[in-house]
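To start, the structure itself, in structure tokens.
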Amino acid sequence: MAENIENTVTSVTTFKIAGEYFAFETMKIRHILEYMEPTSVPLSKDYILGVINNHGNMVPVVNTSDMFGIKDESEHPEASIVIVATDDTNDSLLGFLVDEVDDVFDYTQDDWSKDVVMQINDTVQATLSGTIKKDEKFVYTVNIAELAKVIEN
């Protein structure tokens, strides 16, 4: 019997940036680290904080709030670096500085909407794949492969 794609369950890990909720597919996450100061890289994009060494891999770290165009000057004691695989191999890793890792939950296509109501810069708007309504919050799902393309260009 063929599986109904509409009922496929997907696990996501949510994180906060300036009070807004975003999510990566949990299967793409390789590590969640306490914030550590990256080594800066000259002539990199403004939102690239630098690189960190993670188990022998040099991983670029993106200031997610800067990249998403969300300004937030407040302190974030729960700041973390979420390291994700940008494809199906572990060869290409990126780190994202987030204010706080929030939750892990499963959703189905019935819980997800392709609409993204948040107004952020056009480049990142293209990397958001949709919205999940979870309890009383809206969670924006991020397409990691598309986000990686934006960073690499």
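Assorted remarks:
- Verdict on Phe68 being open to solvent by less than 20 Å² (accessible area, probe 1.4 Å) and farther than 15 Å from Ile32 by Cβ: yes
- Residue within region 33-52 that is at positive phi and either open to solvent by 70 Å² or more (accessible area, probe 1.4 Å) or of a type outside the set (Val, Ile, Thr) (or both) present: yes
- Residue in region 118-153 that is most open to solvent (accessible area, probe 1.4 Å), counting only those that are farther than 26 Å from Glu34 by Cα and hydrophobic (A, V, I, L, M, F, W, C): Ala126
Conditions (1) over 17 Å from Ile144 (Cβ atoms); (2) touching a Leu at 6+ places or on another chain (Cβ under 9 Å); (3) at pLDDT 90 or above, marked per residue:
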position	(1), (2), (3)
Glu3	yes, no, no
Glu6	yes, no, no
Ser11	no, no, yes
Lys16	yes, no, yes
Tyr21	no, no, yes
Lys28	no, no, yes
Ile32	no, no, yes
Met36	yes, no, yes
Ser40	yes, yes, yes
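- Residues that are assigned to a strand (DSSP E or B) and open to solvent by less than 30 Å² (accessible area, probe 1.4 Å) within region 98-117 comprise Val98, Phe105, Tyr107, listed in sequence order.
- Subset of region 53-84 [charged (D, E, K, R) and part of a helix (DSSP H, G or I)]: Asp66
- The residue pairs whose first member lies in region 54-82 and is under 23 Å from Pro42 (Cα atoms), whose second member is in a helix (DSSP H, G or I), and whose beta carbons are closer than 6 Å, counting only pairs six or more residues apart or on different chains, are Phe68/Val124.
- Within region 138-150, residues that are under 13 Å from Val84 (Cβ atoms) sit with their Cβ atoms under 6 Å from residues that are open to solvent by 10 Å² or more (accessible area, probe 1.4 Å) and assigned to a helix (DSSP H, G or I), at 6+ positions apart or across chains, in these pairs: Ile144/Lys28.
- Extreme residue, modelled with the highest pLDDT, among residues of region 110-142 that are under 21 Å from Asp46 (Cα atoms) and under 14 Å from the mean Cα position of the chain (by Cα): Val142
- Region 74-91: number of residues that are open to solvent by 10 Å² or more (accessible area, probe 1.4 Å) and either on the phi > 0 side of the Ramachandran plot or under 15 Å from the mean Cα position of the chain (by Cα) (or both): 4
The values are calculated or read from the model by the stated rules, or taken from the named source; none is laboratory data. Note that the coordinates shown come from a computational prediction; the quantities given were computed from them, not determined experimentally. In this analysis, Cβ positions are derived from the backbone assuming ideal geometry, glycine residues included, and neighbour counts consider all displayed protein chains. Only protein heavy atoms, including side chains, enter the accessible area calculation; ligands, DNA and RNA are left aside. Shrake-Rupley method; radii C 1.70, N 1.55, O 1.52, S 1.80 Å.
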